[in-house]
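One structure is given here, and the rest of the page talks about it.
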Amino acid sequence: MNRRRFCLAATATLVTTLFPVGRVYAKTYLTPEQARALIWGDEAMTRHDIKLDDAQMDSIKKASKTRVRHSELKAWKTDSGGWFILDNVIGKHENIDIAVGLDAQGAVKGIEILVYRETYGDQVRNPKWRAQFHGKGHHEILKLDKQIRNISGATLSCRHITDGINRLTHTWDQVLQQL
Amino acid sequence: MNEIHRCQPLLGTFVEVTLRGNQTEERLLTISQEVFAAISNIQQKMSFHDVNSELSKMNATAHQYDFKLTSDMERVLLQALELSQKTGGLFDVCVAPKLVQRGLLPDNQLATDVDSCWQDIVLTQEGIRFNKKLQIDLGGIAKGYAIDAGIAVLPGEVSAIINAGGDIRMTNWETETIHIRALESEGQLFYETQMCKPAAATSAAYFQEDGIAAIMHPKQREQAPPFSVTVFADSAMLADALTKLVYLQVDCKDVLQYFSAEALYITHDGEQHWITH
């Protein structure tokens, strides 16, 4: 291997080690405060630190047919008896941060995607794809996030979000409504 | 100039709304509420999954008596039938039973005549009537129309980009580019291209879960060949519908010309071909 090719290979390895499996595309939409105002306006709310026990997690999993990954839930109860919940679901590859409003009857009042992340599993293993980062630093890789706009492609399913919402409405049914 | 970005799970995908204008951020957020409400209204009317939607009620009753349509539904059906006529039935909103069979649509337990097609749909002043038992699915066109409905509620001084999982429409499209997702096997991630019309939509087999394509050739009723096609058109509804056509039939220059649309298709090897009017 000549010196130049060795350097390229070393850089490629370094890049993929430092930025594993491409945090290539991450888009921030709203802050939690903006989502809260859009869903609940000025309504006052109180933070509840929800900690699900094993039995609750199991029962929510059974009822919603969705995996319950975390025992802790960031939730606020509003004065009218509704809820504002910050949560995340696994999308195609990565976590997607969501904000969800449930009304006093447990019905969905609003859903906002806060941060959408996506990686490109097949491509990141492809040397030709990785080559585009050769010799580029962290700054340039981050810039790529901003440069890739208006992505068109075959429709991405939002089924994971639907499953996540289903899990949260069952969490309301079994836990939150009694609080 | 302020700018806001919002994203909600709607139309079975992620609907992203970007608004720019001299208004305050709060005002832009309020306008975005109206955009999402308009999109959500179309989703409710045209959902095949919801038994209470206008579409489901129409599917259940229009072979028995005239079903009165809302103006949104009428507009979409008129466009769908025009597309069917101009393509000799290549675009057909009656392939639903086949999609149900493949598990891509829920089974609504409605009986259908095997040989039913778009020609059995009759639109009159009284509404719609099916001459045979059939089921309409607007999956190939309604998403685009929902985007158009979102754009339609915008005040003139606000510029917008609505991207519903890859179906895009923009108000100030002349200076914008889009990134077309490359095929999974390709070394390249995206192909960047200039917008040449207000709306664009891409069809490809690369994202279907379980490897089942949801684009169906109405005559062969088999799955379509896999490569990506992006159509640029004046409305998102047309781009959405036409992209499936170009995907099924590369030689459709006349149809694109009739609808003043342009198409870019990308082969498995990354070769790009334009079909322009």
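When only residues in region B:101-153 that are surrounded by 14 or more Cβ atoms within 10 Å (Cβ to Cβ) and of a type in the set (D, E) count, which is modelled with the lowest pLDDT?
The residue in question is B:D113.
Out of region B:38-76, which residues are surrounded by fewer than 16 Cβ atoms within 10 Å (Cβ to Cβ), free of Cβ contacts under 8 Å to residues at least 12 places away in the same chain and within 26 Å of B:I161 (Cβ to Cβ)?
Correct list: B:Q44, B:S71.
Out of A:I148, A:I141, I need the residue that is β-branched (V, I, T), at pLDDT below 85, surrounded by fewer than 20 Cβ atoms within 10 Å (Cβ to Cβ) and in contact with a helix residue (DSSP H, G or I) (Cβ under 9 Å, 6 or more places away or on another chain). Which one?
Result of the check over A:I148, A:I141: A:I141.
Any idea which residue in region A:22-80 is modelled with the lowest pLDDT, counting only those that are among the polar types (S, T, N, Q), surrounded by 15 or more Cβ atoms within 10 Å (Cβ to Cβ) and outside any helix (DSSP H, G or I)?
So the residue we want is A:T66.
Please work out which residue is nearest to B:T202 (Cα to Cα), limiting yourself to region B:145-176 and to residues that are in contact (Cβ under 8 Å) with a residue 40 or more places away in the chain and of a type in the set (V, I, T).
B:I168
Does B:V35 satisfy the criteria of being within 14 Å of another protein chain (Cβ to nearest Cβ), within 19 Å of the chain's Cα centre (by Cα) and at pLDDT 95 or above? Working first, answer last.
On the way: within 14 Å of another protein chain (Cβ to nearest Cβ): yes; within 19 Å of the chain's Cα centre (by Cα): yes; at pLDDT 95 or above: yes.
Yes, satisfied.
Here's the yes/no breakdown for (1) more than 11 Å from chain A (Cβ to nearest Cβ); (2) touching a Cys at 6+ places or on another chain (Cβ under 8 Å); (3) within 13 Å of B:L10 (Cα to Cα):
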{"site": "B:A146", "(1), (2), (3)": "yes, no, yes"}
{"site": "B:V153", "(1), (2), (3)": "yes, no, no"}
{"site": "B:G156", "(1), (2), (3)": "yes, no, no"}
{"site": "B:T171", "(1), (2), (3)": "yes, no, no"}
{"site": "B:R181", "(1), (2), (3)": "no, no, no"}
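Among what's in region B:154-183 and is under 15 Å from B:Y265 (Cα atoms) and not small (G, A, S), pick the residue that is modelled with the lowest pLDDT.
Of everything passing the filter in region B:154-183, B:L183 is modelled with the lowest pLDDT.
I'm trying to understand the selection: among the residues of region B:69-100, which are outside any helix (DSSP H, G or I) and either under 14 Å from the mean Cα position of the chain (by Cα) or modelled with pLDDT under 95 (or both)?
Correct list: B:T87, B:G88, B:G89, B:L90, B:F91, B:D92, B:V93, B:C94, B:V95.
The values are calculated or read from the model by the stated rules, or taken from the named source; none is laboratory data. This is a predicted model, so every value here is computed, not measured. Please note: Cβ atoms are built from the backbone with ideal geometry, for glycine as well, and neighbour counts cover all protein chains shown.
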